[in-house]
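Values quoted throughout were computed directly from the atomic coordinates according to the rules given, and no laboratory measurement underlies them. Treat the numbers as computed from the prediction; the structure is a model and nothing was measured. Methodologically, a virtual Cβ is constructed for each residue, glycine included, from the backbone with ideal geometry; neighbour enumeration extends over all protein chains shown.
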Amino acid sequence: MRFKVILLFIPLFVLVNTFFTTKFDFWENRADPEYCYLFNGLNLANQYGNVGHYDHPGTTSQVFNAVVIKCVYSLSDSKTTLQVDVLKRPEYYLKCIGWTYVLVSDTLLFMFSLYVFKITNELKIAILVQLSAFYSQAAIVNGFYRVSPEPILFMLSIIFSYLILKLFFENKQLPKINFQFVHTDRIKHIGTICFKSLLFGSFMGFCLATKINALPFIIIPLFYLSLKQYIPFFFALILSFLTFTFPIREHYDYFFRWIYGLSSHSGIYGSGKKSVFDIYEVLNNTFQILLNEKVIVFILGLTILFFIKYKKIRNNKLLFSLLVLEIVLVLMVVKHFGFHYLTPIYPILSINLLLMHHAKVMSNLGNKILLFMFFILCIFNFRSREIKRSLPKINNKSINIYSNGCYSPFYALKFGDDFSNHAHSKKLREIYGRQYFFNSFTKKFYDWDKEISIDSLIEKNKKIYFYSSAPIFIENSKYNFIKGDYISSIKN
């Protein structure tokens, strides 16, 4: 009981750390993708469909958000409709969803550490598992207080780590490791195999429906399942994926073309040359990981050395398959770079530490030195406070135009509506009046739901201000743009 109380410390610290470092509005830092997932969750809650964003595909996150939105609205005393309440209080609903993710992720991390303590009877190993929340700034930032697929991926990685330990060991205690399935009788043996194949297949389908960068998870079951077991495994995987992506069933063609573009082009989001990778980008991205992801580098480097030096120990099959999974995941991120794409790797890395420690090939002093070094690395990853941004001073006597990436509640709402099939444009106009936007990709101007011309705006008011995170530039324009501090004015 005393040890279980000690294991409460880090989960409680995660909650306190999150509370004091997330006192910002999502429009200040994370309109993309938070408002997109909020609005699509609202579509599912309000219309039971009409999903307008399916790149990740992210449907599990959208459904989760819809459930939270429904629950929050039912518990409120709002006199308006669900749609109006969310559009009037988007930040309130985002914070409710974000904190729901925090509580679920934190609870799963605590429960997993209890299980690890149960099978190892070592408190320090259970604490190392909990520290996976601090293996990187990306882990604590993206694995908890977000409204995106990343917190669900973090949860799934914890569950995946639990399944690895639970289903591939015959006994609860690690000294009695046996990688073979139980052979009490043939019927039970076949049933056990089918159950594990179907379970892992269903789980993988759910993971891929959350985000495609969970694909390396498939490596572990492929290492352990026989060719005959692949049939129920892939059957369950496909059925599960189709089930959990049912809300985007009409957009599968777009989704698979999107995935093909990601894999066949060297740039991010399927841009760049038609090549698997750009060597200069890969080298730069690798350098960024080496520079910023010290715990990943430390654990992977240690695992490689461990595997080379002690390859005859009986844990090497699982350790090797984990190493392959982690390297493949890192290579995917190196090609298509973003620190948040590394979110699934952190809880799994803790299994590496568990297996290496359990092998007992190092002296107690060596183990203590490594654990101390690792703890020091984690300390530097405690989440820092995010930037608190203030809304630029609005000129009420001018027409204000908000461009991509600017820090504005109006832009955040427009972004969410654009990626939810414009399901809320009319209601947004009713609530917030006419607002105007500039799309820096299409070089066109819009109000809430339709394209407009800059000339029509100038006829209304000669004073026009752009709120933008970058200078405004339009080719062949007859107007001059004067850049200010995140604001551009336009003169004839």
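Here are a few things to note about the model shown:
- Scanning the range 97-110 turns up one or more residues that are farther than 24 Å from residue 63 by Cα and surrounded by fewer than 22 Cβ atoms within 10 Å (Cβ to Cβ).
- Condition broken by residue 425, with the remaining ones in (1) closer than 17 Å to residue 35 by Cα; (2) touching a strand residue (DSSP E or B) at 6+ places or on another chain (Cβ under 9 Å) satisfied: (2)
- Only residues that are buried (at least 20 other Cβ atoms within 10 Å of the Cβ), within 26 Å of residue 53 (Cβ to Cβ) and among the aliphatic types (A, V, I, L, M) were counted across the range 213-243, and they come to 2.
- Counting only residues that are more than 11 Å from residue 86 (Cβ to Cβ) and out of contact with any strand residue (DSSP E or B) (no Cβ under 7 Å at 6 or more places or on another chain), the range 408-419 holds 6 of them.
- Annotation: of all residues in the range 38-70 being under 17 Å from residue 90 (Cβ atoms) and polar (S, T, N, Q), the one that is surrounded by the fewest Cβ atoms within 10 Å (Cβ to Cβ) is 46.
- Output for the range 19-37, where each listed residue is outside any loop (DSSP other than H, G, I, E, B) and surrounded by fewer than 20 Cβ atoms within 10 Å (Cβ to Cβ): 19, 20, 21, 28, 29, 32
- The set of residues in the range 24-71 being out of contact with any Gly (no Cβ under 8 Å at 6 or more places or on another chain), within 17 Å of residue 85 (Cα to Cα) and polar (S, T, N, Q) consists of 46, 47.
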